[in-house]
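Below you'll find the structure, written out as structure tokens, and then a few comments.
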Amino acid sequence: MRNHTMVTEFILLGIPGTEGLETVLFFLFSSFYLCTLLGNVLILTAIISSSGLHTPMYFFLGNLSMFDLGFSSTTVPKMLLYLSGQSQSISFQGCMAQVFFYHFLGCTECFLYTVMAYDRFVAICYPLRYMVIMNHRVCAILATGTWMGGCVHTIILTSLTFQLSYCASNEVDYYFCDIPAVLPLACGDTSLAQKVGFTNVGLLSLICFALILVSYTRIGISISKIHSAEGRQRAFSTCSAHITAILCAYGLVITIFLQPNPSALLSATIQILNNLVTPMLNPLIYSLRNKDVKSALRSAFHKRGFAMEKKRNLQLWWAKFEFLFLRTNSHLQLPRY
């Protein structure tokens, strides 16, 4: 028997092959992250403030924006800290939390893309019954199901990973705590965690992608039956944003699986695109060609500007009134506005 020191913290070694580029990457990723936060907050603001966007389609889009905010915030802030020269260490509990929220939000977003595809299927194939089928109760059940499904999936993976003993090296050869990067550091048998992780993640992604393909196959058949070119264009524009988001999300995952032995730099690059760039692009994809979202944003800013101008005018009016009143009644004093 040998004495082992249990690991209480991990050292993140960073992005492979980027030594000496920390400053450039810090400013680049900081700008991406700020754009991600700003874009998704604006989408949420538009959806919440405009009653015209209180529909199933925008309800799920609001959920997607919340997931994008959380998904990018799970890994990026810690990465920016050590790129700026701060400590590269992360506590054992912090590493566990990072694994949990990364897989929880990633899996939930995968489920949400599938639900959004079903929503588009109902909107195109059953337009007259759309609001009946996608009522508030159904939308709530679908949204809750995505959260619960992602939570169950992640609890299984996280418990299998961190019930193992970590008593050897504590250097994670990656820029955040992920299961494939952490498992090699365990002292015990990791075969079960590896098999369940690969099967669970791969199977869920495959099932979701298959369901999305089925939905869009049915949508394509329905669009082909529309006789007018304007009707086909309107139906296609309803789905174009979601199709683009699906291609951005699943295209990166497929690229990894098509590589027999992907390099560490390629894997890290694709992960960064998935964690940072895709959440930044989603608000642009869903708002650039969406007149309703742009109109809601203009209305929200207009109301905000009008309210601030009204408040300034009221303060100015009160100041003038106070000045005139005190000139004639110097022994009195009015409360400040």
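The values are calculated or read from the model by the stated rules, or taken from the named source; none is laboratory data. These numbers come from a predicted model, not from an experiment. Using ideal geometry, Cβ is built from the backbone for each residue, glycine included, and neighbour counts are taken over all protein chains shown. Keep in mind that these areas ignore ligands, DNA and RNA; they rest on the heavy atoms of the full protein, side chains included. Shrake-Rupley method; radii C 1.70, N 1.55, O 1.52, S 1.80 Å.
Annotations
- In the context of the full set of protein chains, segment 126-217 has a per residue accessible area of 55 Å² (1.4 Å probe).
- Leu247-Cys187 FRET efficiency (beta carbon distance; Förster radius 45 Å; 0.05 resolution): 0.60
- Stretching Ala97 away from Thr18 to a fully extended chain increases their span by 25.9 nm, per 0.36 nm per residue minus the current alpha-carbon distance.
- Whole-Hz Karplus values for segment 96-111 come out as 4, 5, 5, 4, 4, 6, 5, 6, 4, 6, x, 5, 5, 5, 4, 4 Hz, taken residue by residue from phi with 6.51 cos²θ - 1.76 cosθ + 1.60 and θ = phi - 60°; glycine and proline positions read x.
- Taking amide H as placed 1.01 Å from N in the peptide plane, Glu9 has its amide H under 5 Å from the amide H of Phe92, each at least 5 places away in sequence or on another chain.
- Solvent-accessible area, 1.4 Å probe, carbon plus sulfur percent, for segment 110-178: 67 percent
- Computed accessible area, Asp189, all protein chains, 1.4 angstrom probe, square angstrom: 110 Å²
- Environment charge at Gly14 (Cβ cut-off 12 Å; Lys +1, Arg +1, Asp -1, Glu -1): -3
- Spin-label model, Val214/Ser84: points 7 Å from Cα along the beta carbon direction are separated by 4.7 nm.
- Using the average count of surrounding beta-carbon atoms within 10 Å as a protection proxy, the listed peptides 202-212, 55-65 rank, highest first, as 55-65, 202-212.
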